[in-house]
Amino acid sequence: MILADGGRTFKLLAKALKNQGAKKVFLYVTHAQFNYGFDELKETIDHVYCTNSYKDIENDFVTQFMVYEND
């Protein structure tokens with residue numbers, strides 16, 4: 001299980017991967033909060049994939065897989 005609260009750790013990991021030659025970095029998380037939005041993540045991460053187990057996210061930067069029907 002991976003939880004993304006704000007995403008800073010993932011941003012730093014993506015930066016390190018790109019510094020080592022990665023052309024693109026995609027983030028896959030099971031529980032996505034992203035309390036601080038996506039602007040900072042977009043600096044190093046190319047796209048986010050997650051479930052809606054925490055909340056529904058409407059953003060072109062995120063592909064969300066529905067596992068719960070949230071009202």
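Quick notes
- Which numbered condition Val25 misses (of (1) in contact with a helix residue (DSSP H, G or I) (Cβ under 8 Å, 6 or more places away or on another chain); (2) within 15 Å of Gly6 (Cα to Cα)): (2)
- Number of positions in region 49-71 that are among the aliphatic types (A, V, I, L, M) and at pLDDT 95 or above: 1
- Complete set of residues in region 12-42 that are charged (D, E, K, R) and within 22 Å of Phe65 (Cβ to Cβ): Lys24, Lys42
- Residue identified as at pLDDT below 95 and in contact with a Lys or Arg (Cβ under 7 Å, 6 or more places away or on another chain) among Leu27, Leu3, Leu41: Leu41
- Screening Gly21 on (1) at negative phi; (2) modelled with pLDDT of 95 or more shows it passes everything except condition (1).
- Selection count where residues are loosely packed, with under 12 Cβ neighbours inside 10 Å and closer than 21 Å to Leu17 by Cβ, scope region 31-71: 2
- Of the residues making up region 17-30, those that are more than 11 Å from the chain's Cα centre (by Cα) and either touching a residue at least 60 places away in the same chain (Cβ under 8 Å) or surrounded by 12 or more Cβ atoms within 10 Å (Cβ to Cβ) (or both) number 3.
The values are calculated or read from the model by the stated rules, or taken from the named source; none is laboratory data. No experiment lies behind these values; they were computed from the predicted model shown. Ideal geometry is used to build each Cβ from the backbone, glycine not excepted, and the neighbour counts take in all protein chains shown.
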